[in-house]
Amino acid sequence: MAERTREEERQERRQRIDARALRDSDRGRRRQQQMILRVAIPIGIGALVLAVILFFAVKEAVAPLPGEAMANEGSTHVEVGTPINYNDYPPSSGTHYPTWAPWRYSDTEVQSGFWVHNLEHGGIVILYKCPASCDQLQRQLRDLATNLPKARATPGPKIVIAPDDRIDSTLVVLAWSRRLRLDQYDEGQLRGFYQRLVESATAPEPNAS
């Protein structure tokens, strides 16, 4: 009887040891799973964010450029004041002066010989037609000029905005060899044109200031 009791005690001890080992093993697996989750979840979120960024980057890269393609009329420099005739007006390339217009909104007309040089440097030009009072349009364009993203080569937006009575639509937006006509103010299209084409590689000197 005593022998059987000792054997039972040994079995109970083994069972307790096995149960403790099983609990320790379960705790170890849970800790390991928690560690894997702590690493895997941030990696998964990061991969998802990267995939979304790449999706939109590729989508933008393959999307057609805004506006219409224009013939490249060259980039010859002539002295300031020299009369310049363009094949098409307003020009998106061509002969121009060696000095460019300041990057800003203007209430007064800027000669094309100056702002074509801005286009050569990868800038964007917005011309607007204001036959009578157009305070709202001017205010919208003035705000746009200060709120566009800055360019790489300039401390602010690489934009010239000026009135021009020679254009045949309310607005004409220009980049080097690219043109978009608008019959009314459309901030989405104006911003889209700027963001896609500012400092574009199609310009002869896109990174010049």
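The values are calculated or read from the model by the stated rules, or taken from the named source; none is laboratory data. Treat the numbers as computed from the prediction; the structure is a model and nothing was measured. FYI the Cβ positions are ideal-geometry reconstructions off the backbone, even for glycines, and counts take in every protein chain you see.
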Kindly indicate whether any position in region 126-140 is over 19 Å from the mean Cα position of the chain (by Cα), under 26 Å from Thr99 (Cα atoms) and in contact (Cβ under 8 Å) with a residue 60 or more places away in the chain.
-> no
Filter region 165-209 for residues that are part of a strand (DSSP E or B) and of a type in the set (A, V, I, L, M); which is surrounded by the fewest Cβ atoms within 10 Å (Cβ to Cβ)?
-> Leu182
Check on Glu3, in contact with a helix residue (DSSP H, G or I) (Cβ under 8 Å, 6 or more places away or on another chain) and either under 30 Å from Phe193 (Cβ atoms) or at pLDDT below 65 (or both) = no
Answer yes or no: is there a residue in region 117-125 that is modelled with pLDDT of 95 or more, among the charged types (D, E, K, R) and surrounded by 15 or more Cβ atoms within 10 Å (Cβ to Cβ).
-> yes
Ala101 being of a type in the set (Gly, Ala, Ser) and either more than 17 Å from Arg178 (Cα to Cα) or not in a loop (DSSP other than H, G, I, E, B) (or both) | yes
Does Ala162 fit the bill of being of a type in the set (A, V, I, L, M), within 25 Å of Pro98 (Cβ to Cβ), in contact with a strand residue (DSSP E or B) (Cβ under 9 Å, 6 or more places away or on another chain) and assigned to a loop (DSSP other than H, G, I, E, B)?
-> no
